[in-house]
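All remarks here apply to the structure that follows.
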Amino acid sequence: MKRQVRKRPATRPQGTGAKNGFARLFSVVQKHLGLNVHRIHPRVWRRLYKPSANVRNCDGTCCSHGTTVSIAERDAILANRIIVAEFMTSWVRRHVPRWFNRRVAEDDDFTAGRALTTAVVDGMCVFYRKDGLCALQVAGDRRLGNPYAIKPSVCLLWPLCVHEKTLDVGVANYTGRRDCCAPMREGSRSILQVIIPDESLIRRMSRPANSRGGGPPAQSP
Ligand code: SF4
């Protein structure tokens, strides 16, 4: 399973001002999403997308492999398990031990230093809802006053991703959805033309009450 596999992008398509917005996003990614990221991969500037690519065409296909969460994010979800279950549609919504796979791996791309994956149930992430929305985002929006309060940082960033401490383009080829964010060898648009950082998200995530911190694990694995 790849880390670059998550949906409901925290980005939206626009035209001008994308690079300034991207710089602000990178600052938030470094300081507030619980990630250990130091560099931007040059691939971010390459033209890898077809002209019609647009993250607003997301249909949730990228949620089919589940996602990766830090142990801190898992604990936040579990601390809110009652409201999360309220907004899940999976048949395992009342079986909390089935929400996450058991294997916890060292992962210094996260400030928490360790990570695990969400369970895949009936072919989709356990938090994927029948209406195509993310139960973590809906629960955050309806009960915690912030749609991104407990949504995994990997999903917030997608179709960007963090790999080996580098902000990179997510590999969404497995979806085959080039009208959304699946890259191609020779495209005409860069990821900055497919997405634009959501200024509302940036403001929310950088507030002290929402920040997950950032930087290397206290004891690097
Ligand atoms: S946590 Fe939400 S956005 Fe992330 S893969 Fe699961 S359903 Fe999709």
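The values are calculated or read from the model by the stated rules, or taken from the named source; none is laboratory data. Not measured: the values here are computed from a predicted model. As a convention, Cβ positions derive from the backbone with ideal geometry for all residues, glycine included, and neighbour counts pool all protein chains shown.
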*Would you check which residues across the stretch 105-118 are among the aliphatic types (A, V, I, L, M), more than 19 Å from H38 (Cβ to Cβ) and surrounded by 14 or more Cβ atoms within 10 Å (Cβ to Cβ) and list them?*
L116
_Could you go through the stretch 170-185 and let me know if any residue there is under 15 Å from G34 (Cβ atoms) and crowded, with 17+ Cβ neighbours inside 10 Å._
no
*When both residues are 6+ apart or on different chains and their Cβ atoms are under 9 Å apart, which pairs have a first residue that lies in the stretch 180-199 and is more than 18 Å from H41 (Cβ to Cβ), and a second that is assigned to a helix (DSSP H, G or I) and aromatic (F, W, Y)?*
I196/F22
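For L192, state whether it is more than 15 Å from the ligand (Cβ to nearest atom) and not in a strand (DSSP E or B). Working first, answer last.
Values: more than 15 Å from the ligand (Cβ to nearest atom): yes; not in a strand (DSSP E or B): yes.
Yes.
Do you know which of the residues in the stretch 118-166 that are free of Cβ contacts under 8 Å to residues at least 24 places away in the same chain and part of a helix (DSSP H, G or I) is farthest from the ligand (Cβ to nearest atom)? Write out each step before concluding.
Filtering the stretch 118-166 for residues free of Cβ contacts under 8 Å to residues at least 24 places away in the same chain gives 140-141, 145, 147.
Retained after the next criterion (residues that are part of a helix (DSSP H, G or I)): 140-141.
On the way: G140: 11, D141: 12 Å.
Looking at residues that are free of Cβ contacts under 8 Å to residues at least 24 places away in the same chain and part of a helix (DSSP H, G or I), I get D141.
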*How many of the residues making up the stretch 124-154 are in contact with a helix residue (DSSP H, G or I) (Cβ under 6 Å, 6 or more places away or on another chain) and either of a type in the set (G, A, S) or modelled with pLDDT of 95 or more (or both)?*
13
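Could we say that P183 is assigned to a loop (DSSP other than H, G, I, E, B), more than 10 Å from the ligand (Cβ to nearest atom) and farther than 18 Å from R212 by Cβ here? Please lay out each step first, then the result.
On the way: assigned to a loop (DSSP other than H, G, I, E, B): yes; more than 10 Å from the ligand (Cβ to nearest atom): yes; farther than 18 Å from R212 by Cβ: yes.
Judged against the criteria, P183 is a match.
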*For the stretch 70-91, what are the residues that are touching a strand residue (DSSP E or B) at 6+ places or on another chain (Cβ under 8 Å) and farther than 17 Å from V138 by Cβ?*
S70, I71, A72, R74, W91
_Based on this model, can you work out whether R56 counts as without any contact (Cβ under 8 Å) to a residue 40 or more places away in the chain, surrounded by fewer than 20 Cβ atoms within 10 Å (Cβ to Cβ) and either near the ligand (Cβ under 10 Å from one of its atoms) or not small (G, A, S) (or both)?_
no
_Enumeration of residues in the stretch 20-78 that are among the basic types (K, R) and assigned to a strand (DSSP E or B)_ = R39, R47
*Count, please, the residues in the stretch 89-117 that happen to be within 13 Å of the ligand (Cβ to nearest atom), assigned to a loop (DSSP other than H, G, I, E, B) and touching a Leu at 6+ places or on another chain (Cβ under 9 Å).*
2
